[in-house]
Amino acid sequence: MKILAIEQEVPGITAEAFKPHLKAEAAMAWELYQAGVFRELYFQKDRHSAVLILECADVEEAQKVLNTLPLAKEGLITFEIIPLVAYPGFSRLFAE
């Protein structure tokens, strides 16, 4: 199942709090990308927040995976998790 995960920073956390964990965060993201769990990684253009596409069995698995990220473990970020399905509109429009 494709899962969209949008990073949410925790209010009141300073940029300095992130710095000690950024290298470990990048290493874990790379590991998950290499494993095929993270399929796509982006940053929002208008703010410094990650947008991830994951391939997981379900939302619960996605949450467990995201909780392994160092910034999440440290309580610096959370994620809005959105399960995705294929767009059904074409079959509705063109079904015989």
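The values are calculated or read from the model by the stated rules, or taken from the named source; none is laboratory data. Predicted model only: the values in this text are computed from it and were never measured. As a convention, Cβ positions derive from the backbone with ideal geometry for all residues, glycine included, and neighbour counts pool all protein chains shown.
Numbers at a glance
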{"quantity": "Tally, over the stretch 23-38, of residues that are over 14 Å from Leu66 (Cβ atoms) and in contact (Cβ under 8 Å) with a residue 24 or more places away in the chain", "calculated": "1"}
{"quantity": "Residue count, the stretch 48-71 (criterion: modelled with pLDDT of 95 or more and in contact with a strand residue (DSSP E or B) (Cβ under 7 Å, 6 or more places away or on another chain))", "calculated": "13"}
{"quantity": "Pick from the stretch 6-34, criterion among the charged types (D, E, K, R) and assigned to a strand (DSSP E or B), ranking: modelled with the highest pLDDT", "calculated": "Glu7"}
{"quantity": "Selected residue (criterion: surrounded by the fewest Cβ atoms within 10 Å (Cβ to Cβ)) from residues of the stretch 13-30 that are within 14 Å of the chain's Cα centre (by Cα) and not aliphatic (A, V, I, L, M)", "calculated": "Trp30"}
